């Protein structure tokens, strides 16, 4: 397992980040412990969670598992989504962030998180207020590095501008969705991150399992079938057409589709480390094996050609085609 720089911090993180969203949900404590051990044995030192994952159970289980090696780990969590029924128990307000962070620290059994993401953009909270809330957490020593998830490139750039003008700790990481069937990040998010020296940790690099090929079978079961959010996110017919072509391509070349999908995401120069996850050690192995894939320029180009390339930011696609 190789390591890469976290933004401009000097901190080194593994080339794969382990996402613990299944902990306490699809994976019980025993399965979670097995996967945590497998990830550590593979050389992963970077773990991602969120306060909303299985109503805090993900953080609780990760906190227990990390007790013996906390100083060797880089732990990221997120706040924004509702953590209770109260109208103010959500969002990016300073009120919610401070309370949610305290609760996360208790569940994680730690005095600080290395990375805290604002999980979503909050239209009710000015960016100056949200960034000041992060700055307060940094100055209190409870957060080391501010981060953003699911924000547009212009929103992240605005936040960086506020931080720079105020002399505050800067955003060091962002977490966008990115895969062969979700390539919008290539247009502005990834170039913005590269220009600012911000790390990118994409989630769902295998399209939530779509690129595994399992959903090409009749009567396939899984979250793309049972979870309305994922059904909507990956329900377009063209996405399934790409998945079918991609799986056939991998089979012809003797490549595991999940390993290769993750390796393809990791090969983008703007990506620091894909976030991988699983429900069991057996399922996790394909993700861990992604580091063994030699993603040559030729292979990268062939895989990219299987999907839709998003138009450039200026939308002058006709000139791009001529070039």
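The figures follow:
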| item | result |
| --- | --- |
| Listed peptides 235-245, 149-159, 263-273 by packing density, highest first (mean Cβ within 10 Å) | 263-273, 149-159, 235-245 |
| Stokes-Einstein translational diffusion, segment 247-299 - Kirkwood Rh over all Cα pairs, 1.567 mPa s, 4 °C, in µm²/s | 112 µm²/s |
| Segment 138-239, relative contact order [Cα under 8 Å, separation at least 6], % | 21 percent |
| Ratio Rg/Rh, restricted to the chain and using Cα atoms, in which Rh is the Kirkwood radius | 0.95 |
| Prolate/oblate/rounded call for segment 1-99, Cα gyration tensor, a/c under 1.5 rounded | oblate |
| Spatial separation of Cα centroids for segment 41-80 and segment 1-27, in angstrom | 10 Å |
| Sorted peptide list for 254-260, 178-184, criterion being average Cβ within 10 angstrom, highest first | 178-184, 254-260 |
| The chain, helix-only ellipticity at 222 nm - DSSP H runs n ≥ 4, -39,500 (n - 2.57), divided by all residues, nearest 500 | -12000 deg cm²/dmol |
| Shape of segment 130-220, Cα gyration tensor, a/c cut at 1.5 | prolate |
| Value in Å of the Kirkwood radius, where segment 164-266 supplies the Cα pairs that are averaged | 15.1 Å |
| Taking the C-alpha atoms of segment 65-140, convex hull volume expressed per residue in Å³ | 88 Å³ |
| Alpha-carbon spread of segment 77-231, three principal axes, descending order, Å | 54, 38, 29 |
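Rule-based calculations on the coordinates, nothing more; no lab input. Values in this document were obtained by computation on a predicted structure and should not be read as measured data. Virtual Cβ from ideal backbone geometry, glycine too; neighbours counted across all protein chains shown.
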